[in-house]
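Any read-out appearing in this document is the output of simple, stated calculations on the displayed coordinates, not a laboratory observation. No experiment lies behind these values; they were computed from the predicted model shown. Using ideal geometry, Cβ is built from the backbone for each residue, glycine included, and neighbour counts are taken over all protein chains shown.
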């Protein structure tokens, strides 16, 4: 007679008290500044602060430049992610490391590097100015370039993860059926990596929206021209703290909305 198979009892392990206390302290450390920001917000006058002409210009410029940076990140970042994920070439690891450097590079250093590279006397900028009369520093286009520099790596690393995780047999099947490489990429690859693509675009847009250091170093802080929301917050914090708090709340709300919409997608790609 066969004995019944014994089942292992699941023992509920209590988390260590010390770990819970440290975790609670970490949550408090990260959340309390946001609570303080909301508590000091000028709720009675916040609409007037946000509809002020200078504030509206900063808001408009921030959204226009961040969307432009996201578009450039998509145009150049998606092919770059595809090459890093699919093409085996010498120095690929080094290339990936260099591409991701802006993620950890101090933004001010990034701004200085941009100025030395594409400024009027920069490595490439001198030729842009000489041949096309194009000067990027202290212009709205310069803001977009600076934001793209710091935001594109977020899209590249997210899309590359999606490309590595997808099943390439679908692409192979489409190729054997006679589809061209462009058709395979457009009709098979892009739909399969759509969640990663959306997540990467959202992360790069949010990063561009909050960029400060590279922007002020490379493009300056000119009202109506290069003064984005982070720069306006920095300037208003000394003279008009209520406006600074109101603009800060806008960025907090946008950031929370982006993270909530992604639903941990950046952790699964």
What length, rounded to one decimal in nm, is gained on full extension from residue 64 through to residue 24, with 0.36 nm per residue of separation minus their alpha-carbon distance? 10.6 nm
Cα pair distances exceeding 20 angstrom across segment 185-269, given as percent: 48 percent
Segment 109-128-segment 36-67 distance, computed between alpha-carbon centres (Å): 32 Å
If N is the number of residues in segment 119-243, what value comes out of its Cα radius of gyration divided by 2.2 N^0.38 Å? 1.47
Taking other Cβ within 10 Å of each residue's Cβ, how do 99, 17 sort, fewest first? 17, 99
Compute the length gained on full extension between residue 251 and residue 88: take 0.36 nm times their separation in residues and subtract their Cα-Cα distance, giving the result in nm to one decimal. 54.7 nm
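What is the Cα radius of gyration of segment 72-158 over 2.2 N^0.38 Å, N being its residue count?
1.18
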Sites residue 169 and residue 123 - FRET efficiency at Förster radius 30 Å, r taken between beta-carbons, to 0.05: 0.10
In what sequence do 100, 61 fall when counting other Cβ within 10 Å, fewest first? 100, 61
Compactness summary of segment 46-268: radius of gyration and Dmax from Cα atoms, Å, are 19.5, 66
Computed label-point distance, nm, for sites residue 39 and residue 131 using a 7 Å Cα→Cβ extension: 5.8 nm
Mind sorting 212, 218, 237, 149 by how few other Cβ atoms lie within 10 Å of their own Cβ, fewest first? 237, 212, 149, 218
Can you tell me the length gained on complete extension of the stretch residue 97 to residue 138, counting 0.36 nm per residue apart and subtracting the Cα distance? 11.9 nm
